[in-house]
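The values are calculated or read from the model by the stated rules, or taken from the named source; none is laboratory data. Just so you know, these numbers come straight off a predicted model, no measurement behind them. Heads up, the Cβs are rebuilt from the backbone with ideal geometry, glycines too, and the neighbour counts pull from every protein chain shown.
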Amino acid sequence: MAYLEINHVVRKFGGLVAVNDITVGIEQGGIFGLIGPNGSGKTTLFNVINHYYPANSGEIIFKGIPITRKSTHEICQLGIGRTFQVVKPLRRMSVLENVMAGAFLRTNDASKARDKALEVLDFCGLMHRKDMLSKDLPIADKKRLELARSLAGEPELLLLDEVAAGLNPKEIARGTPKEIASHPEVIKAYLGEEYAKGK
């Protein structure tokens, strides 16, 4: 049994089939990429996995637990975190408060949430921005904040929805899905320098 199983999942919007009979198994500890053009249903599939939109049919199982009909917050509590393609900071709160909001998933203690948020902000390179209002961040730091807030909830599985999109005005690469998945610049942009070098 795979860590995350997606079995024959369909999501429709009226007559438009956005996700059509998707079946895939994802193993724990791996990195799985979803490649496709704009409008191909990548974000919709993420939205179905975490029940932002319910599936019309099919089944999703996480760690052996059926989650297809669980609420978004129950799925998050089970350990699936995510970022959004369009960043959604809590605009009138500071960067630190935004990340603390994510940390409150695992604790009711404000001091522990703050400590976790500071740890994650340091990891994401945002410590120097911690007291800024999130609405005042440049786009690159808003993307980092989106990631930091998700990480603060200590997810076991993290859905990254174009976490680096919009940060470079040029296309990274063009080609077939196989060519894109093995392109050194794509690997470097999404996974880091060490993966691009094959380490």
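Of the helices (runs of 4 or more DSSP H) entirely within region 1-107, those holding at least 3 residues that are in contact with a Leu (Cβ under 8 Å, 6 or more places away or on another chain), within 30 Å of residue 126 (Cα to Cα) and without any contact (Cβ under 8 Å) to a residue 60 or more places away in the chain occupy 95-103. Could you please let me know if residue 61 is surrounded by fewer than 18 Cβ atoms within 10 Å (Cβ to Cβ), under 16 Å from the mean Cα position of the chain (by Cα) and either farther than 30 Å from residue 180 by Cβ or not assigned by TED's automatic domain parsing to the domain that holds residue 158 (or both)? No: the conditions fail for residue 61. For region 79-92, the criterion of being touching a strand residue (DSSP E or B) at 6+ places or on another chain (Cβ under 9 Å), of a type outside the set (D, E, K, R), more than 19 Å from residue 144 (Cα to Cα) and modelled with pLDDT of 95 or more is satisfied by at least one residue.
Might you check whether a residue that is touching an Asp or Glu at 6+ places or on another chain (Cβ under 6 Å) and hydrophobic (A, V, I, L, M, F, W, C) occurs anywhere in region 24-31?
Residues of region 24-31 touching an Asp or Glu at 6+ places or on another chain (Cβ under 6 Å): 25.
Among the residues that remain, those that are also hydrophobic (A, V, I, L, M, F, W, C) are: none.
No, region 24-31 contains no residue that is touching an Asp or Glu at 6+ places or on another chain (Cβ under 6 Å) and hydrophobic (A, V, I, L, M, F, W, C).
Annotation note: of 179, 146, 154, the sole residue that is part of a loop (DSSP other than H, G, I, E, B), under 30 Å from residue 35 (Cβ atoms), of a type outside the set (Gly, Ala, Ser) and outside the structural domain of residue 27 (by TED's automatic domain parsing) is 154.
Can you confirm whether residue 46 is among the aromatic types (Phe, Trp, Tyr) and either more than 16 Å from residue 24 (Cα to Cα) or in the same structural domain as residue 138 (by TED's automatic domain parsing) (or both)? It would help to see each step written out before you state the result.
Working: among the aromatic types (Phe, Trp, Tyr): yes; either more than 16 Å from residue 24 (Cα to Cα) or in the same structural domain as residue 138 (by TED's automatic domain parsing) (or both): no.
Spelling it out, it is not the case that residue 46 is among the aromatic types (Phe, Trp, Tyr) and either more than 16 Å from residue 24 (Cα to Cα) or in the same structural domain as residue 138 (by TED's automatic domain parsing) (or both).
When the residues of region 21-47 are filtered to those that are of a type in the set (S, T, N, Q) and within 26 Å of residue 182 (Cα to Cα), the one that is modelled with the lowest pLDDT is 38. For region 187-194, the count of residues that are of a type in the set (Phe, Trp, Tyr) and either in the same structural domain as residue 90 (by TED's automatic domain parsing) or at pLDDT 90 or above (or both) is zero.
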